[in-house]
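Asker: Just dropping this structure here.
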Amino acid sequence: MNSLRTRVSTRVSTLDARRRHRALARAILRLLPEPESWLDVGTGDAHFPGTAKELFPYTSFDGLDPTPRVVRARAAERIEEAHAGHLTDPHITSALRARYDVVTLLRDRSPAPDRAAELRAALTVLRPGGLLLLEGRPDALRAQLPLQDCEIVTEHRGFQDRLPPPQRIIARRKPSAP
């Protein structure tokens, strides 16, 4: 009986995660219908890009994670490029500078020790005019976004259905001055 309960619980939590991922992807879809490239930070097994590809079939999804799971995600074709390491690593930020239309930092990932440094690094790899999706507890970062030449496009504090209410901010990096 315990085994059945565990399997049902796992199936329900997987379904909830998939619903949450679809809702997050739909929030970007409303603002940027066809991004060329997307970086999922802390991607792990790349379940979010795997789900988001359903709405963005022509977008190139890349993943960044410090674990070998990102390589397995690449082999499973949920992402196109696998980057192993941390976003705050200067070698990674310089190699990926201004490469992405969308960067996601989701709540179910282990947070970086220095969230401000992670935010700066995320904005470094984001193209001007690109979207940054923050989820979790972005309150501390909200005040930093305008200082980093970003405007908050939308905030969302809860879903309409039965999922737990995460906090979500979508910010747009301002285009560079000519």
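Asker: Is there a residue being loosely packed, with under 15 Cβ neighbours inside 10 Å and closer than 16 Å to R127 by Cβ anywhere in the stretch 15-31?
Answerer: Yes, the stretch 15-31 contains a residue that is loosely packed, with under 15 Cβ neighbours inside 10 Å and closer than 16 Å to R127 by Cβ.
Asker: I would also like to ask the following. Is one or more of the residues making up the stretch 111-123 in contact with an Asp or Glu (Cβ under 6 Å, 6 or more places away or on another chain) and under 26 Å from R142 (Cβ atoms)? Don't jump to the end; show me each part of the working.
Answerer: At the first step, the residues of the stretch 111-123 found to be in contact with an Asp or Glu (Cβ under 6 Å, 6 or more places away or on another chain) are 112.
Those still in the list that are under 26 Å from R142 (Cβ atoms) too: 112.
Within the stretch 111-123, one or more residues are in contact with an Asp or Glu (Cβ under 6 Å, 6 or more places away or on another chain) and under 26 Å from R142 (Cβ atoms).
Asker: Here is a check on your reading of the model: is E151 in a strand (DSSP E or B), at pLDDT 85 or above and in contact with a helix residue (DSSP H, G or I) (Cβ under 8 Å, 6 or more places away or on another chain)? Don't jump to the end; show me each part of the working.
Answerer: Numbers: in a strand (DSSP E or B): yes; at pLDDT 85 or above: yes; in contact with a helix residue (DSSP H, G or I) (Cβ under 8 Å, 6 or more places away or on another chain): yes.
So E151 passes the test.
Asker: Also, quick follow-up: Given the stretch 41-108, what helices (runs of 4 or more DSSP H) lie entirely inside it while holding 1 or more residues that are touching a Phe, Trp or Tyr at 6+ places or on another chain (Cβ under 8 Å) and not charged (D, E, K, R)? Before you say what the answer is, go through the steps one by one.
Answerer: Values: elements: 47-52, 69-75, 90-95.
Answer list for the stretch 41-108: 47-52.
Asker: Have a look at G63, G44 and point out the one that is modelled with pLDDT of 95 or more and either closer than 18 Å to I92 by Cα or surrounded by 19 or more Cβ atoms within 10 Å (Cβ to Cβ) (or both). Don't jump to the end; show me each part of the working.
Answerer: Working: G44 fails: modelled with pLDDT of 95 or more.
Unique residue meeting the criteria: G63.
Asker: Being farther than 23 Å from R72 by Cα and either among the hydroxyl-bearing types (S, T, Y) or modelled with pLDDT of 95 or more (or both) is the filter here; which residues of the stretch 1-27 pass it?
Answerer: Within the stretch 1-27, S3, T6, S9 meet the criteria.
The values are calculated or read from the model by the stated rules, or taken from the named source; none is laboratory data. Computed from a predicted structure; not experimentally measured. In this analysis, Cβ positions are derived from the backbone assuming ideal geometry, glycine residues included, and neighbour counts consider all displayed protein chains.
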